[in-house]
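Every number in this text was worked out from the coordinates using simple rules, so none of it is lab data. Keep in mind that what you see is a predicted model, and the values were worked out from it rather than measured. Because the Cβ atoms are built from the backbone with ideal geometry, glycine has one as well, and the counts that use them run over all protein chains shown.
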Amino acid sequence: MKIQSLLIAAIAALAIQPALASEHDAETAGCGIIDITVYFASNETMLSDAATRAIQVEAARADGCEIARIEASAMAGDAADDALAKDIADARTQAVINGLIDAGLNAPFGDAVTSQKTDGVRQAETATPLARRVEVTLTPLSELNS
């Protein structure tokens with residue numbers, strides 16, 4: 001009787017295991033690469049309310065995904081000189097990362113920021129919003145393995 005019970009329990013466990021694996025695959029199947037672009041006011045390093053809301057939306061999209069890599073690229077074409085451009089770009093990047101953390105994004109931020117490029121190009125045409133942005137790419141583990 002005990003052997004029969006153990007055999008039934010083992011068969012049930014084997015039957016459930018693929019179902020659990022497919023449930024996990026179904027949960028992560030919608031996990032794709034997420035690109036986030038945040039624009040800043042001239043010489044500003046704090047997130048606007050609109051930027052905060054956009055970050056919250058993207059963090060919610062990534063909910064349930066195992067984010068394996070975060071890449072960030074910042075521009076500060078509105079700065080007066082290259083040294084200030086680097087400082088502003090770094091502060092903007094940190095503001096976006098903090099916004100993602102505050103929005104509850106579950107990611108290994110310390111290890112995952114693999115690339116941070118700071119562009120401090122200062123030209124008349126770079127004072128536009130395009131020159132005052134941070135671009136972040138969230139790559140889930142499922143995308144790295146495919």
statement: Here, Leu130 and Asn145, labelled 7 Å along Cα→Cβ, have an inter-label distance in nm of 3.9
- prompt: At what distance in nm do the modelled label points of Ala91 and Asp35 sit from each other, each positioned 7 Å from its Cα along Cα→Cβ?
  reply: 2.8
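Can you tell me how much longer the chain between Ala80 and Asp49 gets when fully stretched, taken as 0.36 nm per residue apart minus their C-alpha distance, in nm with one decimal?
8.6 nm
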field: Net charge of Cβ neighbours under 12 Å - reference Asn106; Lys, Arg +1; Asp, Glu -1
entry: -2
